[in-house]
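Heads up: the structure comes next, in structure tokens.
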Amino acid sequence: MRIENNFGKHGRAIDRFAFDERDTKTPINKRGQVTLFIIIAIIIVGGVILYYTVGRSSVSGVSEEMRPVYDYYLSCVEEKVRQGINLLGEQGGYIETPEFEPGSAYMPFSSHLSFFGQGVPYWMYVSGNNLLRENVPTKEGMERELSKYVFDRITDCDFTDFELQGYDVYVDSGTVDSKINDLTVDVSLKNRITIFKGDSKIVVDNHELSLNSKLGKFFGMAIEIYNYERVSSFLEDYALDVMRLYAPVTGTEITCTPKIFVDENIRADIKEGLVQNIATLKLNGDYYDLTNKDRNYFVTDSGLNIDENLNFMYSKDWPTRIEIYGDKVVNPVGLQEGLGILGFCYVPYHLVYDIDFPVMVQLFDDFEMFQFPVGVVISKNQAREALPSIEGVSIESQVCSTKNQDVDIFTYDSNIDPIEARVQFKCLDSVCEIGSTAIKGSDAVLKGEIPQCVNGFIVASAEGYADGKVLISSNEETVANLVLRKKYNLSVDLGSVKSALVRFESEDYNAVILYPESKSVELIEADYNVSVTAYDSSSLKIPAVNDRKCVDVPSGGVAGFFGGETEKCFDVNIPETDVSFAVVGGGKTSWYVTEGELVNSKEVNINIPIFGLPKSLDELQKNSFLVEDSLIYVELE
């Protein structure tokens with residue numbers, strides 16, 4: 001269109017020239033007149049062509065003199081495109097990441113995983129209010145973000161070095177369109193760059209770039225892997241195996257000493273197991289070699305053909321929640337009165353876990369990477385359910401999903417000073433997250449909602465304090481005040497005792513230590529039942545049992561209905577058992593301690609009666625009975 005307009009200007013000049021010739025009345029040969037018109041036309045057309053060749057050069061027509069400047073501009077734009085591609089890969093398909101949503105004291109996940117200081121949005125995570133959410137980008141959204149990223153920077157190229165050489169460069173804004181393909185990223189820019197040098201100039205309006213990139217391929221594979229995890233929960237399945245292998249779940253140990261489970265040790269073992277095992281996971285494909293057939297355990301047949309490097313990653317420094325439920329101190333069965341017929345001791349245990357942790361999924365080659373994190377969720381030893389749609393789905397119980405009763409909750413310490421605390425509501429077997437109290441003036445308050453429940457409990461917890469608990473019927477009461485008692489750390493001295501299990505048990509608070517592995521205890525003001533069982537090394541052996549036992553059981557059919565019995569027999573085969581530690585002393589007492597006494601004390605001294613090392617199972621049982629009847633003495637220092 002511009003060419004036509006410029007030709008129009010020259011056309012009017014020709015008409016004016018012809019009109020002036022006629023006014024002169026000078027006779028001109030018609031052939032000469034035609035020749036003159038041809039010459040003038042050639043000059044005009046040549047000038048127009050020259051103008052557009054120099055002033056509006058196409059990319060292919062950029063002169064050698066202007067080529068370095070224009071090539072630099074294209075390379076500068078290409079660098080901006082590459083930066084955008086890298087950000088999309090590093091940040092899970094986002095350049096401008098979605099709004100950050102923090103986690104909570106209960107659920108450590110936020111909406112972004114901090115990966116070496118860079119926030120990467122989760123594609124699936126558990127929100128602070130215990131909702132399972134997803135935040136998966138689209139290819140169209142990635143293209144829009146890449147276009148915007150380049151658009152914001154197309155006028156930022158620095159031409160200082162060229163200006164020192166006599167060039168003047170002007171870059172206008174314009175439009176940017178991006179297209180993400182499997183192996184390339186195509187970018188089309190419609191913006192004007194004008195380059196001057198002396199009397200020469202070029203103007204280029206359109207620029208096309210095509211960069212080699214696997215962004216599209218990596219994103220497509222990432223979507224397939226993510227969808228497979230959503231449906232199959234294969235990461236949860238491996239995490240359950242880690243839990244069963246690295247942590248006590250359900251079992252029985254042949255021993256005559258109590259079994260003690262320390263939460264911190266269990267959590268550390270589970271995290272270490274996740275670090276070691278998550279990194280070895282594979283999806284079937286041709287990107288790996290197995291060192292032996294046993295490694296096939298770590299390969300999941302996903303039905304996907306993975307032909308790029310794929311890595312799963314977990315760090316024990318990432319936000320991880322491991323809640324452990326069950327009796328942490330389990331006494332042996334077999335030492336109790338009347339059980340001497342067993343001829344052995346055993347400890348049965350059962351622990352239940354909630355485990356939530358992030359896994360980073362990475363696709364990469366020597367030049368590019370695409371990564372996204374997902375949250376792995378295990379609740380009560382079970383993997384989360386596979387869901388076709390998970391946006392805003394609660395992973396709490398059905399009781400917790402109907403929080404319809406307003407309540408004002410206040411939390412204080414024993415001096416009635418406000419203290420911020422995490423708040424939960426317990427109704428029957430359900431535990432609901434309510435939120436956290438926040439200090440406002442002289443109160444720490446939470447105005448929240450809880451389910452309607454008769455005789456439920458509001459529980460508040462804070463670092464360094466014992467949990468506060470209050471009974472509430474939420475269908476009637478709307479205000480709850482909770483007092484949290486401060487914990488005081490005291491060292492423990494048992495004299496010459498080599499090993500002992502020490503328990504401080506009150507109505508609302510318990511503390512258990514295994515001495516001398518732990519020589520300190522955290523106590524609050526309370527009325528305690530204190531018990532100590534002392535142990536020493538033993539060479540006692542419980543002989544093997546190979547016997548056949550017979551018992552009478554109800555008969556089947558009509559005879560059983562009328563009280564008939566039949567004999568059933570079974571074999572009892574128990575190997576010889578070494579009692580490496582045996583009960584040698586101990587006892588019990590009641591002890592009330594005030595907060596004032598705890599503040600002014602550093603140590604708990606316990607005087608324990610010693611009975612002697614047992615030489616038989618009968619003597620071992622006798623020592624256990626003596627622990628129940630003997631007195632110990634507790635004093636503070």
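What to note about this one:
- When residues in the range 230-274 are screened for being among the polar types (S, T, N, Q), over 30 Å from S538 (Cα atoms) and part of a helix (DSSP H, G or I), 1 of them pass.
- Consider the range 156-171 and keep the residues that are surrounded by 12 or more Cβ atoms within 10 Å (Cβ to Cβ) and part of a loop (DSSP other than H, G, I, E, B). The one that is nearest to the chain's Cα centre (by Cα) is C157.
Condition check ((1) buried (at least 16 other Cβ atoms within 10 Å of the Cβ); (2) under 29 Å from the mean Cα position of the chain (by Cα); (3) without any contact (Cβ under 8 Å) to a residue 12 or more places away in the chain; (4) not assigned by TED's automatic domain parsing to the domain that holds G596) across all residues:
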position: A438; (1), (2), (3), (4): no, yes, no, yes
position: S442; (1), (2), (3), (4): no, no, no, yes
position: L446; (1), (2), (3), (4): yes, yes, no, yes
position: V454; (1), (2), (3), (4): no, no, no, yes
position: A462; (1), (2), (3), (4): yes, yes, no, yes
position: A466; (1), (2), (3), (4): yes, yes, no, yes
position: L471; (1), (2), (3), (4): no, no, no, yes
position: T478; (1), (2), (3), (4): no, no, no, yes
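- Qualifying residue in the range 490-499 (condition: buried (at least 17 other Cβ atoms within 10 Å of the Cβ), charged (D, E, K, R) and either assigned to a loop (DSSP other than H, G, I, E, B) or at pLDDT 90 or above (or both)): no
- Condition met for K259 (in the same structural domain as V359 (by TED's automatic domain parsing), crowded, with 18+ Cβ neighbours inside 10 Å and charged (D, E, K, R)): yes
- Filter result (charged (D, E, K, R) and touching a Lys or Arg at 6+ places or on another chain (Cβ under 8 Å)) within the range 494-544: D508, E522, E525, D536
- Scan of the range 400-432 for residues that are surrounded by fewer than 20 Cβ atoms within 10 Å (Cβ to Cβ) and of a type in the set (V, I, T), ordered by number: T402, I416, V431
- Candidate set from the range 203-229 (those that are of a type in the set (A, V, I, L, M) and assigned to a strand (DSSP E or B)); member that is nearest to the chain's Cα centre (by Cα): L211
- Note on the range 175-213: among residues that are touching a Leu at 6+ places or on another chain (Cβ under 6 Å) and not hydroxyl-bearing (S, T, Y), the one that is farthest from R67 (Cα to Cα) is I180.
- Candidates P614, P609: the one that is modelled with pLDDT of 90 or more and assigned by TED's automatic domain parsing to the domain that holds D527 is P609.
- Restricting the first member to the range 73-89 and to residues that are farther than 10 Å from V150 by Cβ, and the second to residues that are of a type in the set (D, E) and assigned to a helix (DSSP H, G or I), the beta-carbon pairs closer than 9 Å and six or more apart or on different chains are L87/E145; L88/E145.
Residue-wise test of (1) more than 26 Å from the chain's Cα centre (by Cα); (2) touching a residue at least 24 places away in the same chain (Cβ under 8 Å).
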{"site": "M243", "(1), (2)": "no, yes"}
{"site": "T252", "(1), (2)": "yes, yes"}
{"site": "I270", "(1), (2)": "no, yes"}
{"site": "I278", "(1), (2)": "no, yes"}
{"site": "N292", "(1), (2)": "yes, no"}
{"site": "Y297", "(1), (2)": "no, no"}
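- Among (1) touching a helix residue (DSSP H, G or I) at 6+ places or on another chain (Cβ under 6 Å); (2) of a type in the set (D, E, K, R); (3) at pLDDT below 95 - the single one K80 does not satisfy: (3)
- Among (1) of a type in the set (S, T, N, Q); (2) under 19 Å from L598 (Cα atoms); (3) modelled with pLDDT under 90 - the single one S506 does not satisfy: (3)
- Remark: E396 matches the filter, which requires a residue to be under 30 Å from V445 (Cα atoms), at pLDDT below 80 and either part of a loop (DSSP other than H, G, I, E, B) or of a type outside the set (V, I, T) (or both).
- Boolean, F261 is among the aromatic types (F, W, Y), touching a residue at least 60 places away in the same chain (Cβ under 8 Å) and in contact with a helix residue (DSSP H, G or I) (Cβ under 7 Å, 6 or more places away or on another chain): no
- Scanning the range 516-529 for residues that are crowded, with 21+ Cβ neighbours inside 10 Å and either under 25 Å from N623 (Cα atoms) or basic (K, R) (or both) returns a single hit, Y528.
The values are calculated or read from the model by the stated rules, or taken from the named source; none is laboratory data. Given the structure is predicted, the values throughout are model-derived calculations rather than measurements. Cβ atoms come from the backbone with ideal geometry, glycine included; neighbour counts cover every protein chain shown.
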